[in-house]
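Visitor: The structure under discussion is supplied below as structure tokens; questions concerning it will follow.
Quick note: the coordinates plus some simple rules give every number you see, no bench work behind them. Since this is a predicted model, take the numbers as computed values, not measurements. Every residue, glycine as well, gets a Cβ built from its backbone with ideal geometry; the counts of neighbours run over all protein chains shown.
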């Protein structure tokens, strides 16, 4: 890799991190570019929770079926997370140095991936996350490749810190109505769409009417929760008081669907197992993502495990 390519790659990654409004999108695009630069197969990024005692999956790219179809395999601890959180990893570790403990004992769907480089993301002594890059073979990265990985980790870490500072600022300056509007947008609108979908062709299908009524009852319950919380909100002139809305619980059916998503089943397979239409499964998955504020099925499973919604 010559110097021109080196700086070109860094510029592109820095651009993604700066211009993207969504940190998740910026991380994924940067991850994709990093995979391309190192000529490896796939990768993912862990970010630390605020307590710096655990991590969560923030971005992934081109996961093998053994992981994309079984998202629970990307939950919980592994060797590199343990090393990182115990302060035994402070710089990029070569691909030859770590066999991925999440794939090493799996025989199918791995695409032959076994090894990975681990790049800690640390800014001013604060643990921010870990970048993992997967390869089929053990290999030694050149010094310039390790340097670019450490530089990328600094760029990513800076972007993460900037985002967290912005989120902290917004949390103290957004009006209650704005937060309520955001909740409505990501939770109730998908539910209403699902109800409308269920009622289509309802004249010839009484079951669809009953299904829609159940969804309406669920929506009514959630609206009541929000309404009660809004009534309890007082002292709007005190800037120290923040508006909080209650966590929306997953229904029994949604938990059933989520547990099957965790096992890697498709919507069609879930529908057959629960004796419901595939379209109904899709509605439940949409509601689950909305309630957990997750972007993907894998992330929804990860969040639910951290919150104790699903058994281990």
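Visitor: Using a simple spin-label model with points 7 Å from Cα along the Cα→Cβ vector, what separation in nm is obtained for residue 259 and residue 86?
Guide: About 3.4 nm, to one decimal.
Visitor: Mind jotting down the distance between the C-alpha centroids of the range 21-81 and the range 92-140, whole Å?
Guide: Comparing the Cα centres of the range 92-140 and the range 21-81, I get a distance of 10 Å.
Visitor: In the P(r) worked out for the range 3-171, what percent of Cα pairs fall beyond 19 Å?
Guide: Pairs farther apart than 19 Å: 54 percent.
Visitor: Would you kindly calculate the translational diffusion coefficient of the range 80-131, applying Stokes-Einstein with the Kirkwood radius from alpha carbon pairs, for 20 °C and a viscosity of 1.002 mPa s, and quote it in µm² s⁻¹ without decimals?
Guide: Translational D for this selection: 179 µm²/s.
Visitor: Taking 37 °C and 0.692 mPa s as the conditions, I'd like the Stokes-Einstein D for the range 7-86 in µm²/s, using the Kirkwood hydrodynamic radius from alpha carbon pairs.
Guide: Stokes-Einstein gives a translational diffusion coefficient of 236 µm²/s.
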